[in-house]
Amino acid sequence: MAAFGGLTCLTFEKNGDVVVEPLRVAPEVHDQLENNLILFFTGIERSASKILSDQDTKSKTDDDAMIQNLHLTKEIGLETRKYLEKGQVDMLGELFHTHWETKRKRSPNITNPLIDECYDIARKNGALGGKLIGAGGGGFLMFYCKNGEKIKVIEAVQRMGLKWERFRFDFDGARILVNT
């Protein structure tokens, strides 16, 4: 995704092709997202290979629970696109929460007691939903808050020891920089 930048949708075709499309969202939607999303570093660095390997094995053996979980994740992605393109940004919080509850069922290594506690504290302090970025097990937690709740959530999660990271969307994607 970093290669493309911005808010981008990937569609994986059955023949292996990947269709890359920028989401059609208004500039005020970008602003609202940047204002209402909060990113924290958990302080936990891990290898995602065990989590992804377990998911891959279950997928290849047609594990019904895993297949249903992945289909639900795809539907959440399609709903996310629909709401963002309609400008209904606050729905993202609810979709994050549904995604988190779905994702954590894939593997016991997706989360841990610290991540669960931080997630619960963020929700109690105004976050509508959140998710771990990437495979899980550590890394970065992202939350969506309505306007006015962000500071309360930041303060509560920082008290848990997580580091708040400021971010902005990059719409240029990866670039090659040449020293001359």
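The values are calculated or read from the model by the stated rules, or taken from the named source; none is laboratory data. Since the model is a prediction, treat every value here as computed from it, not as a measurement. Counting neighbours? That spans all protein chains shown, and the Cβs are built from the backbone with ideal geometry, glycine included. Side chains included, ligands, DNA and RNA excluded: accessible areas come from the protein's heavy atoms. Shrake-Rupley method; radii C 1.70, N 1.55, O 1.52, S 1.80 Å.
At R0 = 35 Å, how high is the FRET efficiency between Phe12 and Arg168 if r is their beta carbon distance? Nearest 0.05 is fine. After rounding to 0.05, the efficiency reads 0.80.
In this label model, Leu23 and Leu39 are separated by 1.5 nm, measuring between points 7 Å along each Cα→Cβ vector.
Protection proxy ranking of 120-129, 151-160, by the mean of other Cβ atoms within 10 Å over each peptide's residues and highest first, is 120-129, 151-160. The amide H of Lys146, built 1.01 Å from its N in the peptide plane, has Leu128 as neighbours under 5 Å, considering only residues 5 or more places off or on other chains.
Computed on the Cα atoms alone, the convex hull of the chain gives a volume of 152 cubic angstrom per residue. For the cross-link pairs Lys60/Lys86; Lys74/Lys150; Lys74/Lys105; Lys74/Lys163; Lys82/Lys146, the ones whose C-alpha atoms lie over 25 Å apart are Lys60/Lys86; Lys74/Lys150; Lys74/Lys163. Of the solvent-accessible surface of the chain, computed with a 1.4 Å probe and all protein chains present, 52% belongs to carbon and sulfur. Applying 1/(1 + (r/R0)^6) with r as the Cβ-Cβ distance of Arg159 and Glu85 and R0 = 25 angstrom yields a FRET efficiency of 0.10. Solvent-accessible surface of segment 57-112, taken per residue with a 1.4 Å probe and all protein chains present: 56 Å².
From helices alone, the chain scores -14000 deg cm²/dmol at 222 nm; the rule is -39500 (n - 2.57) for each run of n ≥ 4 DSSP H residues, then divide by the residue total.
The relative contact order of the chain, computed from alpha carbon pairs under 8 Å that lie at least 6 residues apart in sequence, is 34 percent.
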